[in-house]
Amino acid sequence: RGYKASGMKGQAPSLLLLLLAWRPARGAEQQCQLSDQRYAGVTVTVVALQEKGGVNLENLYVRAREFENFTGAVVDFVQRDVRPSGDNPSLAAEVFADAGKVETGCNGAGVYQGYVIKGNQVPDLVQCGGIANLSTQVEQSQTWSDLDWADVATAIRQGTSTYDSKVYSLPIDADYMATVVREDLAGNTTLDTWEQWVAFAESQNGTDMNGDGKPDHGACIALGPAGHFSVFGVLMAIAAPHLQLGGTSQGAFFNTDTLEPKLTAAAMSQIYPDAPSSFSFETAL
(Lines give C-alpha, C1' and ligand atoms only; values in the text may rest on other atoms or scores of the structure.)
Protein backbone atom coordinates (compact mmCIF):
# COMPACT_ATOMS: atom_id res chain seq x y z
CA ARG A 1 0.00 0.00 0.00
CA GLY A 2 1.49 3.29 -1.05
CA TYR A 3 1.07 6.74 0.38
CA LYS A 4 1.86 10.06 -1.24
CA ALA A 5 2.35 13.45 0.31
CA SER A 6 -0.37 16.03 -0.10
CA GLY A 7 1.06 19.48 0.56
CA MET A 8 -1.17 22.46 1.23
CA LYS A 9 0.34 25.75 0.11
CA GLY A 10 0.96 28.13 3.01
CA GLN A 11 0.52 25.38 5.56
CA ALA A 12 1.72 26.05 9.10
CA PRO A 13 5.15 24.39 9.24
CA SER A 14 5.76 23.49 12.83
CA LEU A 15 4.19 22.63 16.15
CA LEU A 16 7.37 21.97 18.09
CA LEU A 17 10.93 22.68 17.12
CA LEU A 18 14.10 22.36 19.18
CA LEU A 19 17.25 23.99 17.84
CA LEU A 20 20.86 24.08 18.93
CA ALA A 21 22.47 27.53 18.78
CA TRP A 22 25.86 28.84 19.91
CA ARG A 23 26.98 32.13 21.35
CA PRO A 24 29.20 34.24 19.06
CA ALA A 25 32.94 33.61 19.55
CA ARG A 26 34.73 36.39 21.40
CA GLY A 27 37.18 38.31 19.25
CA ALA A 28 37.85 37.19 15.68
CA GLU A 29 35.38 34.83 14.03
CA GLN A 30 36.48 31.23 14.41
CA GLN A 31 36.33 28.75 11.56
CA CYS A 32 35.17 25.24 12.26
CA GLN A 33 38.34 23.42 11.29
CA LEU A 34 38.83 20.72 13.87
CA SER A 35 41.69 18.33 14.44
CA ASP A 36 42.15 15.54 16.95
CA GLN A 37 42.24 16.82 20.55
CA ARG A 38 42.48 20.43 19.37
CA TYR A 39 40.33 21.63 22.26
CA ALA A 40 41.69 19.42 25.04
CA GLY A 41 41.10 21.10 28.39
CA VAL A 42 38.25 23.30 27.10
CA THR A 43 34.78 22.93 28.66
CA VAL A 44 31.60 24.31 27.08
CA THR A 45 28.24 24.43 28.83
CA VAL A 46 24.93 24.15 27.00
CA VAL A 47 21.56 24.87 28.58
CA ALA A 48 19.02 22.34 27.31
CA LEU A 49 15.42 21.26 27.73
CA GLN A 50 14.84 18.90 30.63
CA GLU A 51 14.17 15.32 29.53
CA LYS A 52 10.74 14.40 30.81
CA GLY A 53 7.18 14.03 29.55
CA GLY A 54 8.24 12.45 26.27
CA VAL A 55 11.17 14.81 25.61
CA ASN A 56 14.19 12.78 24.50
CA LEU A 57 17.44 14.48 23.47
CA GLU A 58 19.51 11.29 23.34
CA ASN A 59 20.78 12.09 19.83
CA LEU A 60 22.13 15.41 21.07
CA TYR A 61 24.05 13.74 23.89
CA VAL A 62 25.43 11.06 21.55
CA ARG A 63 26.77 13.77 19.22
CA ALA A 64 28.25 15.62 22.20
CA ARG A 65 30.18 12.52 23.23
CA GLU A 66 31.44 12.08 19.64
CA PHE A 67 32.56 15.72 19.63
CA GLU A 68 34.39 15.21 22.93
CA ASN A 69 36.20 12.13 21.64
CA PHE A 70 37.29 13.94 18.49
CA THR A 71 38.28 17.32 19.88
CA GLY A 72 39.26 16.66 23.47
CA ALA A 73 36.73 19.25 24.70
CA VAL A 74 34.16 18.55 27.41
CA VAL A 75 30.48 19.39 26.80
CA ASP A 76 28.38 19.88 29.94
CA PHE A 77 24.60 20.23 29.88
CA VAL A 78 22.40 22.17 32.28
CA GLN A 79 18.75 21.09 32.00
CA ARG A 80 15.82 23.44 32.51
CA ASP A 81 12.11 22.71 32.31
CA VAL A 82 9.70 24.54 30.01
CA ARG A 83 8.18 26.10 33.14
CA PRO A 84 9.93 27.38 36.27
CA SER A 85 10.67 24.56 38.70
CA GLY A 86 11.65 25.21 42.30
CA ASP A 87 14.55 27.67 42.33
CA ASN A 88 15.28 27.09 38.64
CA PRO A 89 13.89 29.45 35.97
CA SER A 90 12.24 28.17 32.81
CA LEU A 91 14.40 27.24 29.82
CA ALA A 92 13.40 30.40 27.94
CA ALA A 93 14.12 32.63 30.93
CA GLU A 94 17.52 30.99 31.40
CA VAL A 95 18.43 31.42 27.72
CA PHE A 96 17.42 35.08 27.48
CA ALA A 97 19.00 35.97 30.81
CA ASP A 98 22.25 34.62 29.38
CA ALA A 99 22.02 35.80 25.76
CA GLY A 100 20.19 39.08 26.43
CA LYS A 101 16.85 40.58 25.43
CA VAL A 102 16.08 43.77 23.54
CA GLU A 103 13.81 44.88 26.39
CA THR A 104 16.71 44.75 28.83
CA GLY A 105 19.30 46.35 26.57
CA CYS A 106 20.68 43.03 25.31
CA ASN A 107 22.77 42.64 28.45
CA GLY A 108 23.19 38.93 29.07
CA ALA A 109 25.30 37.09 31.63
CA GLY A 110 27.16 35.11 28.95
CA VAL A 111 27.66 32.05 31.17
CA TYR A 112 26.71 29.42 28.60
CA GLN A 113 28.28 28.67 25.23
CA GLY A 114 25.25 27.05 23.62
CA TYR A 115 21.47 26.80 23.92
CA VAL A 116 18.69 24.40 23.04
CA ILE A 117 15.91 26.76 22.00
CA LYS A 118 12.56 26.90 20.23
CA GLY A 119 12.41 28.10 16.66
CA ASN A 120 10.36 31.19 17.43
CA GLN A 121 13.10 32.45 19.78
CA VAL A 122 15.71 32.80 17.00
CA PRO A 123 14.74 36.34 15.81
CA ASP A 124 14.91 37.84 19.31
CA LEU A 125 18.26 36.21 20.00
CA VAL A 126 19.66 37.39 16.65
CA GLN A 127 18.58 40.99 17.30
CA CYS A 128 20.69 41.02 20.45
CA GLY A 129 23.63 39.26 18.83
CA GLY A 130 23.12 36.48 21.35
CA ILE A 131 23.67 33.58 18.94
CA ALA A 132 26.31 33.10 16.27
CA ASN A 133 25.85 33.24 12.49
CA LEU A 134 26.67 29.67 11.42
CA SER A 135 26.30 30.23 7.66
CA THR A 136 30.01 30.01 6.88
CA GLN A 137 30.42 26.77 8.81
CA VAL A 138 27.27 25.12 7.41
CA GLU A 139 28.05 26.10 3.82
CA GLN A 140 31.50 24.51 3.85
CA SER A 141 31.26 21.59 1.46
CA GLN A 142 32.23 18.90 3.97
CA THR A 143 30.02 20.28 6.73
CA TRP A 144 27.07 20.63 4.33
CA SER A 145 27.53 16.98 3.37
CA ASP A 146 28.04 15.74 6.94
CA LEU A 147 24.89 17.53 8.11
CA ASP A 148 22.95 16.34 5.04
CA TRP A 149 21.62 19.88 5.15
CA ALA A 150 19.62 19.65 1.93
CA ASP A 151 17.73 16.68 3.42
CA VAL A 152 16.35 18.76 6.30
CA ALA A 153 12.68 19.57 5.70
CA THR A 154 12.41 22.88 3.83
CA ALA A 155 9.96 24.34 6.35
CA ILE A 156 12.49 23.73 9.13
CA ARG A 157 15.65 24.65 7.23
CA GLN A 158 14.30 27.91 5.80
CA GLY A 159 11.56 28.83 8.23
CA THR A 160 13.27 28.40 11.59
CA SER A 161 16.97 27.53 11.35
CA THR A 162 17.44 30.47 8.97
CA TYR A 163 16.79 34.13 9.75
CA ASP A 164 17.42 37.00 7.32
CA SER A 165 18.95 34.47 4.87
CA LYS A 166 21.55 33.36 7.43
CA VAL A 167 21.78 30.10 9.38
CA TYR A 168 21.72 30.59 13.16
CA SER A 169 20.76 27.18 14.51
CA LEU A 170 20.76 23.46 13.80
CA PRO A 171 17.53 21.45 14.19
CA ILE A 172 17.40 18.73 16.81
CA ASP A 173 13.74 17.77 16.85
CA ALA A 174 10.66 18.99 14.99
CA ASP A 175 7.01 18.00 14.80
CA TYR A 176 5.05 19.50 11.96
CA MET A 177 1.78 18.84 10.20
CA ALA A 178 1.92 16.80 7.00
CA THR A 179 -0.88 15.22 4.98
CA VAL A 180 -0.67 11.87 3.19
CA VAL A 181 -3.28 9.94 1.20
CA ARG A 182 -3.68 6.36 0.04
CA GLU A 183 -2.21 6.34 -3.46
CA ASP A 184 -4.38 3.39 -4.55
CA LEU A 185 -7.49 5.34 -3.59
CA ALA A 186 -6.48 8.83 -4.71
CA GLY A 187 -5.21 7.91 -8.17
CA ASN A 188 -4.95 11.15 -10.16
CA THR A 189 -7.17 13.12 -7.80
CA THR A 190 -5.88 16.69 -7.32
CA LEU A 191 -5.33 17.46 -3.65
CA ASP A 192 -3.75 20.92 -3.57
CA THR A 193 -6.24 22.56 -1.19
CA TRP A 194 -7.96 21.63 2.03
CA GLU A 195 -11.31 21.88 0.27
CA GLN A 196 -10.20 19.19 -2.20
CA TRP A 197 -8.83 17.09 0.65
CA VAL A 198 -12.14 17.29 2.56
CA ALA A 199 -14.12 16.43 -0.57
CA PHE A 200 -11.91 13.38 -1.18
CA ALA A 201 -12.19 12.28 2.46
CA GLU A 202 -15.96 12.61 2.35
CA SER A 203 -16.10 10.51 -0.83
CA GLN A 204 -14.22 7.70 0.95
CA ASN A 205 -15.94 7.94 4.32
CA GLY A 206 -17.97 4.87 5.23
CA THR A 207 -16.40 2.61 2.61
CA ASP A 208 -14.65 -0.64 3.50
CA MET A 209 -11.01 0.13 2.65
CA ASN A 210 -9.31 -2.85 4.29
CA GLY A 211 -11.73 -5.65 3.45
CA ASP A 212 -12.83 -6.44 7.00
CA GLY A 213 -16.51 -5.89 6.22
CA LYS A 214 -16.71 -2.74 8.35
CA PRO A 215 -17.04 0.88 7.18
CA ASP A 216 -13.90 2.98 7.59
CA HIS A 217 -13.31 6.67 8.17
CA GLY A 218 -12.36 8.89 5.26
CA ALA A 219 -9.73 10.75 7.24
CA CYS A 220 -7.62 10.19 10.33
CA ILE A 221 -5.91 12.90 12.37
CA ALA A 222 -3.22 11.64 14.74
CA LEU A 223 -3.29 13.02 18.26
CA GLY A 224 -0.40 10.93 19.59
CA PRO A 225 0.11 9.82 23.21
CA ALA A 226 -1.83 11.94 25.69
CA GLY A 227 -2.99 14.26 22.91
CA HIS A 228 0.57 15.22 21.92
CA PHE A 229 -0.76 17.00 18.82
CA SER A 230 -3.48 19.31 20.10
CA VAL A 231 -6.72 19.99 18.28
CA PHE A 232 -5.62 23.62 18.00
CA GLY A 233 -2.56 22.52 16.04
CA VAL A 234 -4.76 20.76 13.50
CA LEU A 235 -7.17 23.70 13.28
CA MET A 236 -4.24 26.07 12.77
CA ALA A 237 -2.66 23.95 10.05
CA ILE A 238 -5.92 23.97 8.11
CA ALA A 239 -6.49 27.69 8.70
CA ALA A 240 -2.97 28.81 7.78
CA PRO A 241 -3.37 28.75 3.95
CA HIS A 242 -6.42 31.01 4.31
CA LEU A 243 -4.64 33.42 6.64
CA GLN A 244 -1.39 33.65 4.64
CA LEU A 245 -2.36 33.43 0.98
CA GLY A 246 1.21 34.25 -0.09
CA GLY A 247 2.79 31.49 1.95
CA THR A 248 4.78 31.44 5.17
CA SER A 249 6.64 34.68 4.35
CA GLN A 250 3.40 36.54 5.15
CA GLY A 251 2.79 34.92 8.51
CA ALA A 252 -0.54 33.65 9.76
CA PHE A 253 -0.76 35.52 13.06
CA PHE A 254 -0.18 39.21 12.28
CA ASN A 255 -0.16 41.57 9.32
CA THR A 256 3.58 42.23 9.04
CA ASP A 257 3.02 45.85 7.92
CA THR A 258 0.44 46.95 10.49
CA LEU A 259 0.80 44.25 13.19
CA GLU A 260 -2.97 43.91 13.14
CA PRO A 261 -3.91 40.37 14.21
CA LYS A 262 -4.96 38.03 11.39
CA LEU A 263 -5.82 35.11 13.64
CA THR A 264 -9.14 36.30 15.01
CA ALA A 265 -12.38 34.63 16.02
CA ALA A 266 -14.12 36.26 13.05
CA ALA A 267 -11.51 34.93 10.62
CA MET A 268 -11.70 31.42 12.08
CA SER A 269 -15.49 31.46 11.89
CA GLN A 270 -15.26 32.22 8.18
CA ILE A 271 -12.74 29.41 7.64
CA TYR A 272 -14.87 26.97 9.67
CA PRO A 273 -18.47 27.95 8.90
CA ASP A 274 -19.73 24.50 9.92
CA ALA A 275 -18.09 24.50 13.36
CA PRO A 276 -20.47 23.28 16.10
CA SER A 277 -22.39 26.09 17.77
CA SER A 278 -21.11 24.84 21.11
CA PHE A 279 -17.52 25.58 20.05
CA SER A 280 -16.35 29.16 20.71
CA PHE A 281 -13.38 30.55 18.79
CA GLU A 282 -13.45 33.54 21.10
CA THR A 283 -12.74 31.23 24.04
CA ALA A 284 -10.22 29.12 22.14
CA LEU A 285 -8.16 32.14 21.11
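In the range 81-120, what residues are part of a strand (DSSP E or B) and closer than 30 Å to residue 154 by Cβ?
At the first step, the residues of the range 81-120 found to be part of a strand (DSSP E or B) are 85, 88, 114-118.
114, 115, 116, 117, 118, listed by residue number.
For the range 208-222, state whether one or more residues are touching a residue at least 12 places away in the same chain (Cβ under 8 Å), touching a helix residue (DSSP H, G or I) at 6+ places or on another chain (Cβ under 8 Å), hydrophobic (A, V, I, L, M, F, W, C) and in a helix (DSSP H, G or I).
Among the residues of the range 208-222, not one is touching a residue at least 12 places away in the same chain (Cβ under 8 Å), touching a helix residue (DSSP H, G or I) at 6+ places or on another chain (Cβ under 8 Å), hydrophobic (A, V, I, L, M, F, W, C) and in a helix (DSSP H, G or I), which makes the answer no.
Residue 250 is checked against (1) open to solvent by 40 Å² or more (accessible area, probe 1.4 Å); (2) assigned to a loop (DSSP other than H, G, I, E, B); (3) at pLDDT 90 or above and fails just one. What number does that condition carry?
In the conditions (1) open to solvent by 40 Å² or more (accessible area, probe 1.4 Å); (2) assigned to a loop (DSSP other than H, G, I, E, B); (3) at pLDDT 90 or above, residue 250 misses (3) alone.
Go over the candidates 185, 125, 170, 134 one by one and state the one that is under 30 Å from residue 273 (Cβ atoms) and touching a residue at least 24 places away in the same chain (Cβ under 8 Å).
Details: 125 fails: under 30 Å from residue 273 (Cβ atoms); 170 fails: under 30 Å from residue 273 (Cβ atoms); 134 fails: under 30 Å from residue 273 (Cβ atoms).
Only one candidate qualifies: 185.
State the number of residues belonging to the range 133-171 that are of a type in the set (Val, Ile, Thr), assigned to a helix (DSSP H, G or I) and open to solvent by less than 60 Å² (accessible area, probe 1.4 Å). Please lay out each step first, then the result.
Residues of the range 133-171 of a type in the set (Val, Ile, Thr): 136, 138, 143, 152, 154, 156, 160, 162, 167.
From what is left, the residues that are assigned to a helix (DSSP H, G or I) are 136, 138, 143, 154, 156.
Subsequent filtering for residues that are open to solvent by less than 60 Å² (accessible area, probe 1.4 Å) retains 138, 143, 156.
Number satisfying all stated conditions: 3.
Say we look at the range 91-124 and pick out the residues that are over 21 Å from residue 167 (Cβ atoms) and among the aliphatic types (A, V, I, L, M); which of these is surrounded by the most Cβ atoms within 10 Å (Cβ to Cβ)?
Top of the filtered list is 91.
Could you grab me the full set of residues in the range 172-197 that are part of a helix (DSSP H, G or I) and surrounded by 14 or more Cβ atoms within 10 Å (Cβ to Cβ)? So that I can check it myself, show each step before the final result.
Going through the range 172-197, the residues part of a helix (DSSP H, G or I) turn out to be 183-186, 194-197.
The answer is 185, 186, 194, 196, 197.
Just a yes or no: is a residue in the range 41-59 surrounded by fewer than 16 Cβ atoms within 10 Å (Cβ to Cβ), modelled with pLDDT of 90 or more and among the hydrophobic types (A, V, I, L, M, F, W, C)?
Yes - at least one qualifying residue is present in the range 41-59.
The values are calculated or read from the model by the stated rules, or taken from the named source; none is laboratory data. Predicted model, so just to flag it, every value in this text is computed and none were measured. Glycine gets a Cβ as well: all are built from the backbone with ideal geometry, and neighbour counts include every protein chain shown. Note: areas computed on protein heavy atoms with side chains; ligands, DNA, RNA excluded. Shrake-Rupley method; radii C 1.70, N 1.55, O 1.52, S 1.80 Å.
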